[in-house]
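J.: Just dropping this structure here.
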Amino acid sequence: MPDVGSAENAQETFRRAVEALHSPLIRPEITVREIPSPQRLAPHSAAVSAEVSVHGEEIAWGRLIVLYDPEGTRDWPGPFRVVCQANSELESEIATDPLLGPVAWSWLTDALGAHGAAHHALSGTVTRATTEGFGAKAHEGATTELEMRASWTPESEDLSGHMSAWLALLASASGLPPLDVTDIARQRSRP
């Protein structure tokens, strides 16, 4: 017979952990919304998506998924696993830089450190893809996109630093200046 108290404790632990996904945002360029979470990856899951927009144009987007398995039946080194994705369009000159992958990966590792998101078992990929139009789409020109996928195990159930790190990753991927730096080009373009 299942232990109802344990199930209720697990549900409460998960509820407290995902409260961080609803924390107030610190950047007006980023919009976060809840999305359906994958149901087969863990007994408990929650997900959000985010878009980074500047002057009405979407320049980066991503997803953050929190998985929780209180019984430890998954292959993770802890009950929680955070999975994220970040995508952004790139200028063609930047896309060919051989250091793009390591630099993009450092955006994530630096953000995790800066936001106190203690973790272990970090893994992921950085992919760059170029899309070219042909035929009726030939006039659209080529675009290049960066995609990062990563996952890690948080060292506590307080996920606020992990949420902040993911938002910082999106800000870096979209080329937003740090919050304490004024973007002179944007200041000049204001009426």
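The values are calculated or read from the model by the stated rules, or taken from the named source; none is laboratory data. These numbers were taken from a predicted model, which means no experiment stands behind them. Note that we place each Cβ from the backbone using ideal geometry, even for glycine, and neighbour counts take in every protein chain shown.
J.: Need pairs with beta-carbon distance below 6 Å; first residue in a loop (DSSP other than H, G, I, E, B) and within segment 90-109, second of a type in the set (Ser, Thr, Tyr); sequence gap 6+ or separate chains.
T.: Note: no pairs meet the criteria.
J.: From the list Glu34, Glu93, exactly one residue is loosely packed, with under 13 Cβ neighbours inside 10 Å and either in contact with a strand residue (DSSP E or B) (Cβ under 6 Å, 6 or more places away or on another chain) or modelled with pLDDT of 95 or more (or both). Which is it?
T.: Numbers: Glu93 fails: either in contact with a strand residue (DSSP E or B) (Cβ under 6 Å, 6 or more places away or on another chain) or modelled with pLDDT of 95 or more (or both).
Going through Glu34, Glu93 in turn, just one is loosely packed, with under 13 Cβ neighbours inside 10 Å and either in contact with a strand residue (DSSP E or B) (Cβ under 6 Å, 6 or more places away or on another chain) or modelled with pLDDT of 95 or more (or both): Glu34.
J.: Step by step: first the residues of segment 18-30, then only those that are within 15 Å of the chain's Cα centre (by Cα) and within 16 Å of Asp158 (Cβ to Cβ), then the one that is modelled with the lowest pLDDT. Which residue is that?
T.: So, considering only residues that are within 15 Å of the chain's Cα centre (by Cα) and within 16 Å of Asp158 (Cβ to Cβ), the one modelled with the lowest pLDDT is Ser23.
Table: residues versus (1) of a type in the set (Ser, Thr, Tyr); (2) surrounded by 16 or more Cβ atoms within 10 Å (Cβ to Cβ); (3) modelled with pLDDT of 95 or more.
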| residue | (1), (2), (3) |
| --- | --- |
| Asn9 | no, no, no |
| Arg16 | no, no, no |
| Ala50 | no, yes, yes |
| Val54 | no, no, no |
| Ser106 | yes, no, yes |
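J.: Right, something else. Starting from residues that are of a type in the set (Lys, Arg) and either assigned to a strand (DSSP E or B) or closer than 16 Å to Ala95 by Cβ (or both), keep the ones in segment 110-165 and report whichever is farthest from the chain's Cα centre (by Cα).
T.: Arg128
J.: I would also like to ask the following. Of the residues that sit in segment 7-37 and are assigned to a loop (DSSP other than H, G, I, E, B) and either out of contact with any Ser or Thr (no Cβ under 6 Å at 6 or more places or on another chain) or touching a residue at least 40 places away in the same chain (Cβ under 8 Å) (or both), which one is nearest to Gly72 (Cα to Cα)? Walk me through how you get there before you give the answer.
T.: Narrowing segment 7-37 to residues assigned to a loop (DSSP other than H, G, I, E, B): 23-29, 36-37.
From the residues that got through so far, the ones that are either out of contact with any Ser or Thr (no Cβ under 6 Å at 6 or more places or on another chain) or touching a residue at least 40 places away in the same chain (Cβ under 8 Å) (or both) too are 23-29, 36.
Details: Ser23: 27, Pro24: 31, Leu25: 32, Ile26: 34, Arg27: 36, Pro28: 38, Glu29: 38, Pro36: 23 Å.
That would be Pro36.
J.: Looking only at residues that are surrounded by 11 or more Cβ atoms within 10 Å (Cβ to Cβ), acidic (Asp, Glu) and modelled with pLDDT under 90 in segment 140-191, which one is nearest to Arg16 (Cα to Cα)?
T.: Residue satisfying both the conditions and the ranking: Asp183.
J.: Restricted to segment 31-56, and to residues that are among the aliphatic types (A, V, I, L, M) and over 15 Å from the mean Cα position of the chain (by Cα), which residue is farthest from Asn87 (Cα to Cα)?
T.: Ala42
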